[in-house]
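The values are calculated or read from the model by the stated rules, or taken from the named source; none is laboratory data. In this text the structure is predicted, and so the values were computed from the model without any measurement. Note that each Cβ is placed from the backbone with ideal geometry, even for glycine, and that neighbours are counted across all protein chains shown.
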């Protein structure tokens, strides 16, 4: 169980790095586009094609995208440091490939982790064993001992000792048994509650994985392609002065949110898949 948790922690850090670096890459491209947008806006304003308000809108969106890119770069650095820590590495780690990828997992319809359920039940069994130990003190105890020693001038003297003890005063032991029984009952209730919570968590993760799968299908089948086409069309119309500034900003913002939504959904799916693999 400890090995599974350590593996999951490393994968969780890697999933976060994938998310951060792809988000940073997206905003890097957006920042380059924003610089071009600001240049075009300044030129068109000087030519009298747009108003001061429209020019200020383009300047504002450019500044906003530049700030988002800066924040994304810092988050990428933090994600890489977290991945290095999770690998217990003292040397900097430079990933060769940070392509956004899914941690595919099969949904097994409510099957629970045997390691977790066995651990929870073992805690209850330990308390029950202590109850039986306390109950055994009501019965006579037989002790056997053996010694071998030298008492000059004699050597190699062997001795056997046998003892029998009988309980006489039972009241203190009854209190110990009562306390042990309460502890055992409480431990079993807690174990059942932990297993029930684990089952509920597994069912929630299965539902989340199905939701994320459906969202990813939407992004990969149509939304990402539409975002690319929307960006191309908006840039072309802007260059040919066939669109207004407000319409252009709305178009690129919509396309950006689609791409960001895809990156976030992949990250959410991967985290849910890691948790599910840990608990099933």
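Annotations for the structure displayed:
- Residue under evaluation residue 72, criteria (1) closer than 28 Å to residue 182 by Cα; (2) at pLDDT 80 or above; (3) crowded, with 16+ Cβ neighbours inside 10 Å, criterion not met: (1)
- Any chance residue 174 is closer than 30 Å to residue 125 by Cβ, in a helix (DSSP H, G or I) and under 36 Å from the mean Cα position of the chain (by Cα): no
- Taken together, 69, 85 contain a single residue that is touching a helix residue (DSSP H, G or I) at 6+ places or on another chain (Cβ under 8 Å), outside the structural domain of residue 260 (by TED's automatic domain parsing) and closer than 21 Å to residue 255 by Cβ, which is 69.
- Which listed residue, of 91, 150, is farther than 30 Å from residue 244 by Cα, surrounded by fewer than 10 Cβ atoms within 10 Å (Cβ to Cβ) and assigned by TED's automatic domain parsing to the domain that holds residue 9: 91
- Here 101, 86 are screened, and the one residue that is surrounded by 17 or more Cβ atoms within 10 Å (Cβ to Cβ), under 30 Å from residue 198 (Cα atoms) and at pLDDT 80 or above is 86.
- Filter pass, residue 79 being part of a helix (DSSP H, G or I), closer than 24 Å to residue 4 by Cβ, at pLDDT 90 or above and in the same structural domain as residue 37 (by TED's automatic domain parsing): yes
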